[in-house]
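What follows is one structure encoded as structure tokens, with my remarks underneath.
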């Protein structure tokens, strides 16, 4: 006989099959929304990384082009001052009178590995040329319509890209005026033509196509043959008139560039369809990046291969779909088990007396509370372990982020010595062939010094990037400052900053060298960022010692720290920088590093303007010094 007022528990009806489907649908929608948010965030990171890589490659390509062209700029002024050239032009020569000078020009042309070298009279007629003995000799031809001749006759060195009117080959022309003594009358013009095929070969060694367009929008040289001498857009009438006047190239041969815009996928940069690398390659998708080359009036373009980026996005999407399916399946399983448990409890409670039902419910609540307490204890223990591990990972991530910020400057630091090494090597070969062994040895010695400089910079980067240990040892603070400032030397030089170290030197502290380098780099980097544009950064590092404690004070001449931000300056993810310039983790990581070493860090504002960060560390003990 049923007891009066006895009913099934409220959860029984909602926990049955009918209540399972809405809960399962809500869980699926939640997982779907979470997956969309995570996908968009990670996709943005993938594209941001590709954009940064493309910009670095673009800067490297620009430096390569400028360095390659720059090695030939000194040749025309050097030739123009040669006494044999000046003497030959004083006599108002005619074509065919200067074959002896032509033979000398041919020898210079061979040594410098240029395409052609020739001398022009004031009326624009070529009177001597390195190809004087060839069928298509320049001797007797008039190139007075060329801008490089006109500008040189006005007394200034000039440069110009064009197709040769005689050979029909592309070339970069450099010219200089021939004067009768310093500041004297212009007797003629000496011209050096450089073939750009070698430059295209150097640029073609990269994984991403590169091409350059001139002021008319015509591709003058490119790593992809199909892009050469094509127009990116319709050539304006005034530009067409200028091309025809200078005979820069034949306009009827200039067709549209095989580039086609695409929608989507590129985020910040346009997405283009262009020919692939290599002969007969199928068209591919590229992210288009460009920057002006102001010195020449050109535009440098980089086609960043989009296939790897798209592959990463698809891989990410597949991983998120798989994770979503797994989470939904787990949610469904959990909800189903919960529904079955509720149903079983409801069936049992219906056959028990009211007192037994209350006792069973109370027992179940106590059991669940005990289980939750055990789970919370285990979660807390796991969270503490994760916190310690995360701190170490954040230190390493901060170091890698610092290396990423230095990548563009370091590319410039490495590219300059590499360009110089190539130039010195070519000069050494030329001197050796000319029988000047001492000059060749001098160039080789310069190459050795440059390689030693690159090796020292690489060694510092390797030591800094290596994962640091947790041991507290005796550390030479002077060595830490020297290594840290050397790693960010390129950034300091680029900002025009002045860094001064004063106070007690030769101090040893208890800590870890690599992690203390990270602290110094972060503090100096923040000091540079705090200085507004238009003001030269000034950073002062002062070292003091007192009662077994070593203090390092870092001061800047920036805008200071807002008073309301001072209490929160060391909190994780708190930052006073603009959006996109920091995550707010740098000072928090440094604070925890110093705390692990038994040290402290505090911030305050200087009188007038600027901020001051005071770092204190324990002085190394005699035992630590002996162990070190």
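The values are calculated or read from the model by the stated rules, or taken from the named source; none is laboratory data. None of these values were measured; they are calculated from a predicted model. Because the Cβ atoms are built from the backbone with ideal geometry, glycine has one as well, and the counts that use them run over all protein chains shown.
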query: Across segment 329-360, which residue is surrounded by the fewest Cβ atoms within 10 Å (Cβ to Cβ) among those that are over 30 Å from residue 30 (Cβ atoms) and in contact with a helix residue (DSSP H, G or I) (Cβ under 8 Å, 6 or more places away or on another chain)?
result: 348
query: Where residues in segment 534-551 are over 32 Å from the mean Cα position of the chain (by Cα) and crowded, with 16+ Cβ neighbours inside 10 Å, which of them is nearest to residue 615 (Cα to Cα)?
result: 551
query: Failed condition for residue 163, given (1) touching a residue at least 12 places away in the same chain (Cβ under 8 Å); (2) closer than 26 Å to residue 288 by Cα, with all others met?
result: (2)
Which listed residue is closer than 22 Å to residue 591 by Cβ, in the same structural domain as residue 603 (by TED's automatic domain parsing), surrounded by 14 or more Cβ atoms within 10 Å (Cβ to Cβ) and out of contact with any strand residue (DSSP E or B) (no Cβ under 7 Å at 6 or more places or on another chain), from 531, 480: 480
- prompt: Only one of (1) touching a strand residue (DSSP E or B) at 6+ places or on another chain (Cβ under 7 Å); (2) assigned to a helix (DSSP H, G or I); (3) crowded, with 17+ Cβ neighbours inside 10 Å fails for residue 95. Which number is that?
  reply: (2)
field: Residue tally, condition in contact (Cβ under 8 Å) with a residue 12 or more places away in the chain and within 40 Å of the chain's Cα centre (by Cα), over segment 166-196
entry: 14
query: Taking segment 142-160 on its own, how many of its residues are surrounded by fewer than 17 Cβ atoms within 10 Å (Cβ to Cβ) and within 17 Å of residue 129 (Cβ to Cβ)?
result: 2
- request: May I ask you to list the residues in segment 289-324 that are in contact with a strand residue (DSSP E or B) (Cβ under 7 Å, 6 or more places away or on another chain), at pLDDT below 80, outside any loop (DSSP other than H, G, I, E, B) and crowded, with 16+ Cβ neighbours inside 10 Å?
  value: 304, 305
statement: Scanning segment 176-231 for residues that are within 30 Å of residue 94 (Cα to Cα) and in a loop (DSSP other than H, G, I, E, B) gives 180, 181, 182, 183, 184, 185, 195
query: Does segment 132-140 contain at least one residue that is within 27 Å of residue 66 (Cα to Cα) and in contact with a strand residue (DSSP E or B) (Cβ under 7 Å, 6 or more places away or on another chain)?
result: no
